[in-house]
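Take a look at the structure below.
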Amino acid sequence: MRTIQISGGRIIDPSRNLDGVGDLWIGRGRILNVGEGYDDPEVILDARGMIVCPGLIDCHVHLREPGNEEDETIATGAAAALVGGVTSVACMPNTLPALDTQGAAEFIVLQAQRARKANVYPVGAVSKGRKGLELAELGQLVEGGAVAFTDDGAPVASASLMRQALTYARMFDRAVMQHCQVPELTVGGVMNEGFESTRLGLPGMPAAAEDIMVARDIRLAEITGGRLHIQHISTARSVELVREGKRRGINVTAEACPHHFSLTDECLRGFDSNFKMNPPLRTYTDVEAVIEGLKDGTIEILATDHAPHAPEKKLREIDQAPFGIVGLETLLPITIKSLIEPGHLTWPDVIRALTIEPAKLLGIAKGTLAPGADADVTIIDPETRWTIDASKFVSKSRNTPFHGWEVRGRARTVIVAGEVRYTLA
Amino acid sequence: MPRSDTPLLDADGVDQALTSMAVRLRAAMLPGVTLVMVGVRTRGVPLARRLATILTRQTGETIPVGAVDITLYRDDLDRAARWPVLHGTEIPFDIDGADVVLVDDVLFTGRTIRAAINSLCDLGRPARIRLATLVDRGHRELPIQPDVVGLLVATTRDEHVRVRLHEIDGVDEVLK
Amino acid sequence: MNLNPAPRIPWTRKHLLGLEELSREEILAILDTADSFHEVSTRNRKKVPALTGRVVFNLFFENSTRTRTSFSLAAKRLSADTQDFQAGVSSLTKGETFIDTAKNIEAMGADVLVVRHPTPGTPHLLTQHVHASVINAGDGAHEHPTQALLDLLTIRRLRGRIEGLTVGLVGDIGHSRVARSNIHGLLKLGAKVILCGPPTLVPRSLERLGCTVSNNLDEVLPLCDVVNVLRIQFERDQKAVFPSIAEYFRLYGLTAARVERAKSDLLLLAPGPINRGVELTPEVADGPHSAILDQVTNGLAVRMAVLYLVSGQKTDPR
């Protein structure tokens with residue numbers, strides 16, 4: 001493979017506390033070095049004014065294949081990831097059939113290799129068929145390539161099953177990721193329960209439904225010693241519970257999604273199903289708490305919960321429309337707008353939450369520019385101004401609440417395994 | 001078309017015109033039939049009220065006065081960019097078998113009167129409908145003629161004739 | 001007689017989706033227009049030619065007899081052609097979305113779509129996909145603007161004013177679109193609004209809109225000039241929200257004994273269909289305080305007014 005010199009960029013690698021202007025050298029699919037030059041690069045990428053960082057990792061996406069290829073496929077989702085600057089994604093198991101066997105995991109890996117876009121890591125189901133009744137074959141899922149377990153979308157309601165999962169997964173050193181929500185409290189729910197849902201007459205999903213399960217699962221992580229990961233944390237109380245759990249040394253991590261720190265339940269006033277997600281958009285207080293959690297490290301990971309749905313599915317009565325929005329292609333600009341521009345986080349903070357932290361969660365050798373590491377590199381133009389246009393998405397779906405937003409910053413060049421796989425036109 | 005605002009009638013002129021209209025209305029009354037006045041909104045209503053007052057002074061009999069809003073009967077609703085605000089028909093008496101005097105300020109194309117007649121006929125079956133207008137400026141588009149007119153004015157089609165009444169405008173005058 | 005009617009603001013909306021979005025002046029414009037149409041309803045010949053040639057479609061995705069009949073009759077009195085479309089559950093389960101259905105109906109030449117749907121916001125969504133005017137005839141638990149307007153008209157015609165009155169809404173506020181539209185309308189017109197019912201049916205967060213919330217009917221009834229009794233919706237699962245009908249009736253049923261302790265000129269409204277013996281006793285429903293039948297008559301006038309007003313907006317080219 002060719003030698004690439006990325007010259008003059010601001011190199012940020014939180015895995016080694018690196019932040020400075022310099023050259024990054026890549027050869028034979030690996031990082032060669034940061035700093036002094038090698039002779040005669042075959043390709044020189046001028047990165048002056050750009051940020052050069054380890055390829056971004058999104059630990060929470062839905063690629064819909066197999067079963068809902070009208071929404072997204074592994075190939076289109078992995079391509080959308082590159083547009084967003086993301087070189088590795090972990091895809092959720094709520095496919096049809098559910099990703100609950102070794103064969104299903106291997107299928108994902110194979111499809112991702114064929115697509116040759118971003119790296120795709122399957123996350124296996126916790127329970128067979130994601131039914132929440134009995135454990136899936138977690139060991140064989142790991143053999144098939146699964147990097148973690150979750151029944152995402154269908155919270156593991158049974159405390160006993162959750163306890164078993166946390167305990168059993170310890171032998172693989174894999175995390176159990178939980179979509180924390182007590183199902184009985186959210187039946188028929190469309191949006192956050194509160195003044196806004198009452199005013200609109202829409203069935204609500206109380207914040208307590210999330211808080212209660214976060215509290216339960218942290219306690220279960222404590223007694224089992226298992227690795228618990230709280231997916232798309234969205235409430236003030238949940239953030240507090242995770243903070244307290246960490247203080248007590250419990251093995252718990254958390255992720256936050258751009259929509260949960262940039263939008264509130266007031267957005268539902270227009271009844272647009274592009275603001276319908278699960279967990280739902282919450283209140284200002286919750287948004288502030290999520291941002292605070294990101295600032296003090298309670299929430300160490302940023303993830304998109306990229307959830308594509310074909311237009312005909314979203315274009316329904318709001319209670320019929322499915323939950324979720326696409327997020328890969330808007331990850332960077334919304335994060336810049338909501339976290340960096342207001343001064344909540346620095347660039348190194350954001351890149352840490354999108355590289356080494358998710359890499360640690362998933363247990364993958366990614367998210368670093370250390371010499372010898374896989375040459376997954378993202379070059380970000382942090383200043384370029386653009387308008388989000390859903391019709392231009394590479395993802396198969398268009399369901400975004402951010403259409404029309406005037407934003408700043410996006411990926412310019414994305415390198416995977418030493419190969420330039422995406423360049424902004 | 002500039003408005004030259006040529007005065008056609010002043011307050012006294014309006015008074016005299018109404019008095020003479022009342023005399024002519026009275027001369028052709030149907031014996032034994034109730035006389036009622038119906039003004040076309042907006043300025044036909046105070047005119048109807050004034051004619052009724054004059055006739056009451058002369059005959060000693062109270063003459064009921066109503067108001068008709070022709071909006072719902074207009075033939076040009078679909079042409080308007082925005083529909084007129086509805087003020088409603090108020091005819092708090094029976095017009096079945098009555099001798100109705102329909103009163104308006106200016107008679108022009110006749111379309112308003114057509115709508116008013118249709119409207120009245122939906123309310124009952126009068127013995128007779130007569131038309132009294134303060135001004136007739138010609139240019140009819142329908143076969144409608146007034147029974148009593150205060151002032152005949154020759155106009156071109158695009159001229160404006162404005163009637164101002166003190167109940168609404170604070171002053172009595174007719175301008176061209 | 002009013003010689004010089006007060007000038008009113010011109011109506012500029014193509015749709016009527018709810019009272020929350022209307023200004024006080026717009027609500028008054030509808031009520032004043034409805035007063036004019038009330039006169040039409042008193043005639044022998046109860047028909048005016050204003051909407052001749054226009055087509056009004058009742059697009060009902062939920063059962064309703066009263067509202068649909070009232071809209072149909074209102075449209076007919078304006079000389080519009082009316083057609084009912086009871087959305088079969090069948091066509092919707094075959095994969096046709098309600099937007100497809102509405103577009104189909106619009107292609108038949110509908111100028112106005114009167115929409116009833118169990119999901120909040122559906123009429124709003126429809127306005128983005130059709131050219132016709134959309135009138136919300138009830139969207140889930142969100143709004144039912146014409147019902148609230150007829151309640152307002154009834155109060156104004158019978159009491160001469162709305163400003164300064166205390167109006168109690170009693171019963172299932174949480175699931176009630178009638179309650180929400182009434183709250184917005186009453187507050188905008190200067191009434192004081194008390195919401196009364198069991199805590200499981202009256203969300204306290206509605207106080208943020210400017211209402212008072214109470215769980216004690218006997219305490220608030222004597223304060224009320226008007227009481228609007230909302231229906232308990234048995235089609236929803238109410239088991240979880242109150243233990244029994246008997247207990248509900250004991251606590252919130254409007255009985256003659258309760259009415260005796262109210263103001264002597266109490267005005268009693270009910271959007272219907274009422275459950276006699278649950279929300280109120282037959283003697284109260286048919287008693288001197290009841291304006292239930294006035295509401296029905298005023299409903300026609302209000303719906304004529306709304307149909308007339310939205311039809312006055314130029315429609316987009318197809």
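How are the C-alpha pair distances of chain C spread across 10 Å bins, as whole percents from the shortest bin up?
6, 27, 34, 23, 9, 1
Quote the accessible area belonging to residue C:205 in square angstrom, nearest 10, computed with a 1.4 Å probe and with ligands, DNA and RNA left uncounted.
30
Just the number, please: carbon plus sulfur as a percent of the accessible area of the protein assembly as shown, 1.4 Å probe, no ligands or DNA/RNA counted.
Details: 17760 of 35260 Å².
Carbon with sulfur: 50 percent of the solvent-accessible area.
Please enumerate, by chain and number, the lysines with C-alpha under 17 Å from the C-alpha of residue A:337, excluding those fewer than 8 residues away in the same chain.
Once the sequence-local lysines are set aside, what remains near residue A:337 is A:295.
If you average the C-alpha positions of segment A:1-46 and of segment C:139-210 separately, how far apart do those two centres end up, in angstrom?
Rounded to whole Å, the Cα centres lie 67 Å apart.
Rounded, prolate or oblate: pick one for chain B, where a ≥ b ≥ c are the square roots of the eigenvalues of its C-alpha gyration tensor, a/c under 1.5 means rounded, and failing that, prolate if a/b is larger than b/c, else oblate.
Judged from the Cα gyration tensor, chain B comes out oblate (a/c at least 1.5, b/c at or above a/b).
Can you show me the helix-derived [θ] at 222 nm for chain C, built from DSSP H runs with n ≥ 4 at -39,500 (n - 2.57) apiece and divided by the number of residues, rounded to the nearest 500. Don't jump to the answer; show the numbers that get you there.
On the way: 12 runs with 119 residues, N = 318.
Only helices count here, giving -11000 deg cm²/dmol.
Rounded, prolate or oblate: which fits segment B:122-176 when a ≥ b ≥ c are the square roots of the eigenvalues of the alpha-carbon gyration tensor, with rounded for a/c under 1.5 and prolate only if a/b beats b/c? If you can, show how the numbers build up before the last one.
Values: a/c = 2.37, a/b = 1.33, b/c = 1.78.
Oblate is the answer for segment B:122-176, as a/c is 1.5 or above yet b/c matches or exceeds a/b.
Once the whole set of protein chains is in place, how much accessible area is left on residue A:230, using a 1.4 Å probe, in Å² to the nearest 10?
0
Mind checking the angle between helix A:159-169 and chain A's longest principal axis? C-alpha axes, 0 to 90 degrees, to the nearest 10.
30
Using only the alpha carbons of the protein assembly as shown, determine the length spanned along each of the three principal axes and report them from longest to shortest in whole angstroms.
117, 71, 46
In deg cm²/dmol and to the nearest 500, what is the mean residue ellipticity at 222 nm of chain A if only DSSP H runs of at least 4 residues count, each as -39500 (n - 2.57), divided by the residue total? All intermediate terms of the calculation are to be shown ahead of the outcome.
Numbers: 12 runs with 114 residues, N = 425.
Result for chain A, helices only: -7500 deg cm²/dmol.
Of the listed peptides A:121-132, C:248-259, C:220-231, what is their order by residue-averaged count of other C-beta atoms within 10 Å, with the highest listed first? All intermediate terms of the calculation are to be shown ahead of the outcome.
Details: A:121-132: 23.5, C:248-259: 17.8, C:220-231: 21.7.
Result, highest mean Cβ count within 10 Å first: A:121-132, C:220-231, C:248-259.
Which three lengths, in whole Å and largest first, does segment C:122-190 cover when its Cα atoms are put on their principal axes?
41, 25, 16
Report, ordered by chain and residue number, the lysines lying within cross-link reach of residue C:47, taken as a straight Cα distance under 28 Å and ignoring same-chain residues fewer than 8 apart.
Straight-line reach from residue C:47, under 28 Å: C:14, C:76, C:314.
From other protein chains only, count the Cβ atoms within 10 Å of every residue's Cβ in C:104-111, then give the mean.
On the way: counts 0, 0, 0, 0, 0, 0, 0, 0.
Other-chain Cβ atoms within 10 Å of each residue's Cβ, averaged: 0.
How would C:279, A:300, B:90 rank on accessible area, largest to smallest, probe 1.4 Å? Mind dumping the intermediate values first?
Values: C:279 0, A:300 35, B:90 70 Å².
Ranked from most to least accessible, the order is B:90, A:300, C:279.
How would you classify segment A:56-362 from its alpha-carbon gyration tensor, with a ≥ b ≥ c the square roots of the eigenvalues: rounded for a/c under 1.5, else prolate if a/b is greater than b/c, otherwise oblate?
Details: a/c = 1.23, a/b = 1.13, b/c = 1.09.
Rounded, because the longest to shortest axis ratio a/c is under 1.5.
Which of the lysines could a cross-linker bridge to residue A:396, judged by Cα under 21 Å and excluding same-chain residues fewer than eight apart?
Within reach: A:117, A:276, A:313, A:314.
Enumerate the calculated ³J(HN,Hα) couplings along segment A:225-231 in order (Karplus 6.51 cos²θ - 1.76 cosθ + 1.60, θ = phi - 60°), each rounded to whole Hz, writing x wherever the residue is Gly or Pro.
x, x, 9, 9, 10, 8, 7
Per residue, how much accessible surface does segment B:74-145 expose to a 1.4 Å probe? Answer in Å², no decimals. Provide the component values of the computation, followed by the final result.
Numbers: 3070 Å² over 72 residues.
Accessible surface, normalised per residue, equals 43 Å².
So how compact is segment A:308-387: Cα radius of gyration and Dmax in angstrom?
For segment A:308-387, the Cα radius of gyration and maximum Cα-Cα distance read 16.8, 53 Å.
The values are calculated or read from the model by the stated rules, or taken from the named source; none is laboratory data. Bear in mind that the values here come from a model prediction, so they are computed numbers and not experimental data. Methodologically, a virtual Cβ is constructed for each residue, glycine included, from the backbone with ideal geometry; neighbour enumeration extends over all protein chains shown. These area figures cover heavy atoms from the full protein model, side chains too; ligands, DNA and RNA do not enter into them. Shrake-Rupley method; radii C 1.70, N 1.55, O 1.52, S 1.80 Å.
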